[in-house]
Amino acid sequence: MNTLARFAADPAELIRLYRAMVLTRTFDAKAIALQRTGRLGTYASSLGQEAVSVGLASAMHADDVLVPSFREHGAQLWRGATPLELLLYWGGDERGNSFAAAAQDFPDSVPVGSHAPHAAGVALAFKLRGEPRAAVCVLGDGATSKGDVAEALNIAGVWQLPVVFVINNNRWAISVPVERQTAAHTLAQKSVAAGIAGEQIDGNDVIAVRDIVARALTKARAGGGPSWIEALTYRLGDHTTADDASRYRDDAKVSPHWADEPVARLRGHLVEIGAWHREDEERLLAELGAEIDAAVSEYLATPPQAPSTMFDFTYAALPKDLAMQRAAALGESA
Ligand SMILES: Cc1ncc(C[n+]2csc(CCOP(=O)(O)OP(=O)(O)O)c2C)c(N)n1
Ligand SMILES: [Mg+2]
């Protein structure tokens, strides 16, 4: 039986986790409002899944590398990505992917699961160089059906790579519920065939996520090989702002999951141990609201990149068709 992790007995540390989850939720609400008013591109909300993101990031060392999909804003913010950088990215400006902090972290992988082999590659580099670092790859439940994920898992097992896969099982892959995604009883068991232990945890419990991911990372950095962790949570919002989930699931199905959502859950615990009061909550919401508003103002005041940047960073010498497109975009003759 696991004993309670030491950080869980420290109210200040729990408040740090709580603050990070509320920051994520505040960012999320603002990003959706910006998209709805035509000032941000399509955005993937992490509503209800903040404990997975914040839990795993708080378990990482600064020099570990995060290889995320597109819903881990909480992890990116914890690791020092700024709200401005995230807004730039979701607003279509690639400069947002050039994180000033955690500069080796990967950008969001919008292609589902294609980042899993990249994470294995990062881990292989650490292993070959003898560096005590690990990669953390975050995937959705749907991604676990992908061939590239199976390949990454296999090679991570064979080569005993320092990589921790965290499955953010929010029970949906757009409109496909997890029970139609796989006949496997759990997603955790998918690692067994690769010779990797799989573990299923409560992804709405930030303490559990941090504790289990921290153990997996310690093992990975010490040469103990990969881990595969299924974190059970629930997608309370639409898949993205381009989705209308009411077309395929009713409120009656979703609403019971609000009772387990991670922010209220940790707040309840903090209140219960006397570490959090109404004034603390009010102060925090005001502070984080101002922080996000300041980032939004800076984002809206950032001039877009020149159209030439769409063409300038992939090829040393542009192929002819792209050279023509570049010239047309810039109003020049090729
Ligand atoms: C390779 C690929 N196929 C299809 C899509 C379209 N798509 C975007 S998200 C998504 C579902 C992903 O579900 P899941 O892995 O559970 O992650 P979640 O969105 O729930 O976080 C799909 C099919 C894509 N982005 N990439
Ligand atoms: Mg999912």
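What follows draws every value from the coordinates through simple rules; no lab data is involved. The structure displayed is predicted, hence computed values, not measured ones. Positions of Cβ are backbone-derived with ideal geometry, glycine not excepted, and every protein chain shown enters the neighbour counts.
Values computed for the structure shown
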quantity: Hypothetical label at residue 192: residues of the stretch 141-182 whose amide nitrogen lies under 17 Å (7 Å Cα-Cβ projection); calculated: 154, 182
quantity: Selection from 109, 125, 98, by position along the positive dipole direction of the stretch 92-133 (Cβ); calculated: 125
quantity: Which of 169, 7, 135, positive extreme of dipole for the chain (C-beta unit charges); calculated: 135
quantity: Residue 330 versus residue 310: modelled label distance in nm, points set 7 Å from Cα along the beta carbon direction; calculated: 1.4
quantity: Pair residue 287, residue 273: separation of 7 Å Cα→Cβ label points (nm); calculated: 1.8
quantity: For the stretch 1-131: rounded, prolate or oblate by the Cα gyration tensor [a/c cutoff 1.5]; calculated: oblate
quantity: Top positive-direction residue, dipole computed over the chain with Cβ charges, set 73, 303, 255; calculated: 73
quantity: Within the chain: Cβ-based charge dipole about Cα centre, in debye rounded to nearest 20 (Lys, Arg +1; Asp, Glu -1); calculated: 640
quantity: From phi via Karplus (6.51, -1.76, 1.60), per-residue ³J(HN,Hα) for the stretch 40-50 in Hz, x at Gly/Pro; calculated: 8, x, 4, 10, 9, 6, 10, 3, x, 10, 5
quantity: Segment residue 320-residue 36, extension gain: residue separation times 0.36 nm, minus the distance between their alpha carbons; calculated: 98.4 nm
quantity: DSSP bridge pairs, the chain: antiparallel proportion in percent, nearest 5; calculated: 10
quantity: The chain - mean residue ellipticity at 222 nm from DSSP helices (-39,500 (n - 2.57) per run, n ≥ 4, rounded to 500); calculated: -13500 deg cm²/dmol
quantity: Low-density loop positions, chymotrypsin sites (Phe, Trp or Tyr not before Pro), the stretch 220-287 - DSSP coil, at most 16 other Cβ in 10 Å; calculated: 248
quantity: Charge dipole magnitude, Cβ of K and R +1, D and E -1 - the stretch 97-206, Cα centre, debye nearest 20; calculated: 240
